[in-house]
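Peer 1: For reference, the structure I am asking about is given below.
The values are calculated or read from the model by the stated rules, or taken from the named source; none is laboratory data. As the structure is a computational prediction, the values presented were derived from the model and not from experiment. Here the Cβ is made from the backbone with ideal geometry for all residues, glycine too, and neighbour counts use every protein chain on show. To get the accessible areas, we keep the full protein, side chains included, count just its heavy atoms, and leave off ligands, DNA and RNA. Shrake-Rupley method; radii C 1.70, N 1.55, O 1.52, S 1.80 Å.
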Amino acid sequence: MPQARTVQTVCSHDCPDSCSVLVTIDETGKATKVQGDPSHPVTRGFLCGKVAKYLDRVYSPARLLYPMRRKPGAAKGRRASGRETDAFEPISWDQALDLVGERLERISREHGPESILPYSYAGNMGVLGYGSMDRRFFHRLGASQLDRTICATAGADALISVYGKKLGTEPENFRHARYILAWAANIHGNNIHLWPFVEEARRNGAKLVVIDPYRTRTARAADWHIPIQPGTDTALALGMMRLIIEEGLYDRDYVERHTHGFAALHEHVQPFTPEHVAGLTGIAAADIELLAREYATHTPSVIRLNYGIQRSQNGGAAARAVCMLPALIGSWKHPGGGMQLSLSGAFPFDSTTLERPDLMLASPLERPARIVNMSRLGHALTELDSPPVKALFVYNSNPAAIAPNQNAVVRGLMRDDLFTVVHEQFFTDTTDYADVVLPATTFLEHKDFQGAYGHYYLQLSEQAIEPLGEARSNVALFSQLARRMGFSEACFGDSVDDLIEQALGGNADELLKKRRVYQQAAAESIQHGVFATPSGKIEFYSSALAAQGLDPLPSYRPPDESRRGADAHTFPLEFLPRKADNYMNSTFANLPSHQKMESPGFVMMHASDAGPRQICDQDWVEIYNGRGKIRLRARVDGSVPAGVVAASLNWNKLSAGGNNVNALTSERLTDLGRAATFYSTLVEVRKLAPEEAQNHFPPID
Ligand code: SF4
């Protein structure tokens, strides 16, 4: 009889903290407890509220445990009964692999392999689960390549353009800061393991300032909350830089030794006087001056920039401008100074060996396949031609809920001629449109390894329990499907340990032995003046961007969908489709314990916007624009400034109107990184009459 034991895993949800999670297993092999690893320098023994109850998720009676196919004649779409099982019947894995393999083969033969589109993102952040055997499979198939841009590429490109790599201040060093600027960063809501370091700094006298249009949990706990108008962060950062330069508060020596393009920057920021910036951002000129002076003189100051800032039409420019601030004042010289957006550049995985893009040459295409942007899925499913998308294979994602322009996405998913496979842990909004549903493992049920974007520890995640039911990992699924489709390359037989070795080369042994490896050289490289930019310095001015026809310096331009845009007279309110604090994007939204913490279903309004529309707190309202409409209850509680409304992401099937915030968002892309522009969305709001406050988006049955 096996003994009770503890297994070290890593939380694979899309979060900067990548916690080390200890799982207690009883004699029967069942997990009985999860806890944060006290020995991990950032996890420090605790888990967030989302994962502290993780066994509710793993052992949920709603888990998908067996492969299923759509019953003959069962229409695609949400079931009026609420019972997804009405539309599906169980099949064996053999039947499922045969069915999927045969359909993909036929579609490839009839329409070309590029008519098959994989759709995945960071629902699983394990390196192997995120992208390894799956990429090999789709490359060998010749399927369209997915441009995975939905979350972070505008900010990532911005950070890389300034520093050459995605690196920054390590969380443990925030404790030494004297001034902490949380810029579009809800640390308390979705980066909770940074919070104890912030609190330690504050106990030692540091000031916490939050710049965010929304009064987040973090803003409520801060010393100063600055509610900026959405999409105007570039102007604020340029204005701060102007004042810092004009008042001689910048670090001349650091700028001279470590930066490139200062003279051009100096000239570029001239128009951004405090008064001009005040008019653009809605922040008082005196506050802009105070902020710039405090930031430059409270040494060391540090910025926690998060990805909200770059989900705006000109979000790349905004992230670039903010990234330049610590270089201007030389705060990188001090422990506790600098900034953090993402640290994921610290982990040198060999993604080419893992993903094998060369296999595209062995596909029927015999060339690299076309690239389809995941933030334009609606377009891909309804308009793309030559060839049209005929098969969609979804894993690690829930596009019916999270992709922008939801009405177009759903129209596409409803197509009878689209064959859709979904590998999932639960029935989601996307499985409502699936032809085949395959059960997926949680991070407790498979082995993987993981970096992080919020700390510098590479970690091994052991398998803690046997897969529930017949759930299979991504690696197992795509390896077996490849074999079923006759792909004979040896790489499809690689085990998880083989893949770890291939990804890490000579570093694999150290990880397998130590389980956690600190990336010291990467953590210290900015302090040591190592920058992987073309100039070898921090780049205020980017010749590389100029060569691509992009702005070499970050320019402020209002988003097309903003109060300064052409459509503002029709749709005058700027909409923030926020992430829920207690869900992970759309993950966890179906669990009752998480729903209790979140209380979803509200749109936040300012009294000055609610009043003229005769809207009172708790009234049912419709939020609409030219793309769609959703129904929520109004909350008039001071969470947003005038001209801004905000609501959080929920599942469509759990929302009053049968759809969510993405019914309103557009497929427009960012200035850098081809990313989604969720936070550049204009809407209008109207009060619903009592008889209208019914479900007028009937499900299909
Ligand atoms: S979601 Fe983030 S904070 Fe929560 S356990 Fe996972 S990594 Fe840690």
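Peer 1: Among (1) open to solvent by less than 10 Å² (accessible area, probe 1.4 Å); (2) touching a Ser or Thr at 6+ places or on another chain (Cβ under 7 Å), which single condition is Arg311 missing?
Peer 2: (1)
Peer 1: What residue, of Gly101, Gly77, Gly73, is under 26 Å from Asp416 (Cβ atoms), open to solvent by 50 Å² or more (accessible area, probe 1.4 Å), away from the ligand (no atom under 16 Å from the Cβ) and of a type outside the set (D, E, K, R)?
Peer 2: Of Gly101, Gly77, Gly73, the one residue that is under 26 Å from Asp416 (Cβ atoms), open to solvent by 50 Å² or more (accessible area, probe 1.4 Å), away from the ligand (no atom under 16 Å from the Cβ) and of a type outside the set (D, E, K, R) is Gly73.
Peer 1: Right, something else. Tally the residues that are open to solvent by 30 Å² or more (accessible area, probe 1.4 Å) and either out of contact with any Pro (no Cβ under 8 Å at 6 or more places or on another chain) or within 9 Å of Val277 (Cβ to Cβ) (or both), restricting the search to the stretch 226-251.
Peer 2: Within the stretch 226-251, residues that are open to solvent by 30 Å² or more (accessible area, probe 1.4 Å) and either out of contact with any Pro (no Cβ under 8 Å at 6 or more places or on another chain) or within 9 Å of Val277 (Cβ to Cβ) (or both) number 6.
Let's see how each residue does on (1) assigned to a helix (DSSP H, G or I); (2) in contact with a strand residue (DSSP E or B) (Cβ under 9 Å, 6 or more places away or on another chain); (3) small (Gly, Ala, Ser):
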position	(1), (2), (3)
Gly231	no, yes, yes
Gly248	no, no, yes
Ala263	yes, no, yes
Glu267	yes, no, no
Glu294	yes, yes, no
Ala317	yes, no, yes
Val322	yes, yes, no
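Peer 1: Still on this structure: With respect to Pro271, is the statement that it is touching a helix residue (DSSP H, G or I) at 6+ places or on another chain (Cβ under 9 Å) and within 30 Å of Leu573 (Cβ to Cβ) true? Give the derivation first.
Peer 2: On the way: touching a helix residue (DSSP H, G or I) at 6+ places or on another chain (Cβ under 9 Å): yes; within 30 Å of Leu573 (Cβ to Cβ): yes.
Here the answer is yes, as Pro271 does meet what is asked.
Peer 1: Sort out for me the helices (runs of 4 or more DSSP H) sitting completely within the stretch 152-211 that have 1 or more residues that are within 20 Å of Asp233 (Cβ to Cβ) and β-branched (Val, Ile, Thr). Don't jump to the end; show me each part of the working.
Peer 2: Values: elements: 153-163, 187-190, 195-203.
Hits in the stretch 152-211: 153-163, 187-190.
Peer 1: Same structure again: For the stretch 666-701, how many residues meet the condition of being at pLDDT 95 or above and open to solvent by less than 50 Å² (accessible area, probe 1.4 Å)? Lay out the reasoning, then the answer.
Peer 2: Of the stretch 666-701, the ones at pLDDT 95 or above are 666-688.
Subsequent filtering for residues that are open to solvent by less than 50 Å² (accessible area, probe 1.4 Å) retains 666-667, 670, 672-673, 675-685, 688.
Residues meeting the conditions: 17.
Peer 1: Within the stretch 17-41, can you find the residues that are in contact with a helix residue (DSSP H, G or I) (Cβ under 8 Å, 6 or more places away or on another chain) and near the ligand (Cβ under 9 Å from one of its atoms)?
Peer 2: Asp17, Cys19, Val21, Val34, listed by residue number.
Peer 1: Just to verify a result, which residue in the stretch 149-204, among those that are among the acidic types (Asp, Glu), open to solvent by 30 Å² or more (accessible area, probe 1.4 Å) and in contact with a helix residue (DSSP H, G or I) (Cβ under 7 Å, 6 or more places away or on another chain), is nearest to the ligand (Cβ to nearest atom)?
Peer 2: First pass over the stretch 149-204, keeping only residues among the acidic types (Asp, Glu): 157, 170, 172, 199-200.
Add one more test, that the residue is open to solvent by 30 Å² or more (accessible area, probe 1.4 Å), and what stays is 157, 199-200.
Next, only the ones that are in contact with a helix residue (DSSP H, G or I) (Cβ under 7 Å, 6 or more places away or on another chain) stay: 157, 200.
Details: Asp157: 24, Glu200: 18 Å.
Result: Glu200.
Peer 1: While we're looking at this one, here's another question. Looking only at the stretch 412-438, filter to residues that are in a loop (DSSP other than H, G, I, E, B) and under 22 Å from the mean Cα position of the chain (by Cα); which one of those is surrounded by the fewest Cβ atoms within 10 Å (Cβ to Cβ)? Can you show your working first?
Peer 2: Residues of the stretch 412-438 in a loop (DSSP other than H, G, I, E, B): 414-418, 425-430, 434-435.
Checking the rest, the ones that are also under 22 Å from the mean Cα position of the chain (by Cα) come to 425-430.
Numbers: Gln425: 23, Phe426: 21, Phe427: 23, Thr428: 28, Asp429: 28, Thr430: 27.
By that ranking, first place goes to Phe426.
Peer 1: Could I ask something else about it? Out of all the residues in the stretch 42-58, which are open to solvent by less than 10 Å² (accessible area, probe 1.4 Å) and more than 10 Å from the ligand (Cβ to nearest atom)?
Peer 2: Within the stretch 42-58, Val58 is the sole residue that qualifies.
Peer 1: Continuing with this model, one more query. Pick from Thr352, Thr297: which is open to solvent by 20 Å² or more (accessible area, probe 1.4 Å), β-branched (Val, Ile, Thr) and within 24 Å of the chain's Cα centre (by Cα)? Full working, then the answer.
Peer 2: Values: Thr297 fails: within 24 Å of the chain's Cα centre (by Cα).
Only one candidate qualifies: Thr352.
Peer 1: If you don't mind, there's one more thing I want to ask. Where residues in the stretch 1-16 are farther than 22 Å from Asn582 by Cβ and of a type in the set (A, V, I, L, M), which of them is farthest from the ligand (Cβ to nearest atom)?
Peer 2: Start the filter on the stretch 1-16 by keeping residues that are farther than 22 Å from Asn582 by Cβ, which leaves 1-8.
From what's left, of a type in the set (A, V, I, L, M): 1, 4, 7.
Numbers: Met1: 31, Ala4: 23, Val7: 15 Å.
My answer is Met1.
Peer 1: For the stretch 328-349, what are the residues that are open to solvent by 10 Å² or more (accessible area, probe 1.4 Å) and either modelled with pLDDT under 95 or not in a helix (DSSP H, G or I) (or both)?
Peer 2: Ile329, His334, Pro335, Phe347, Pro348, Phe349
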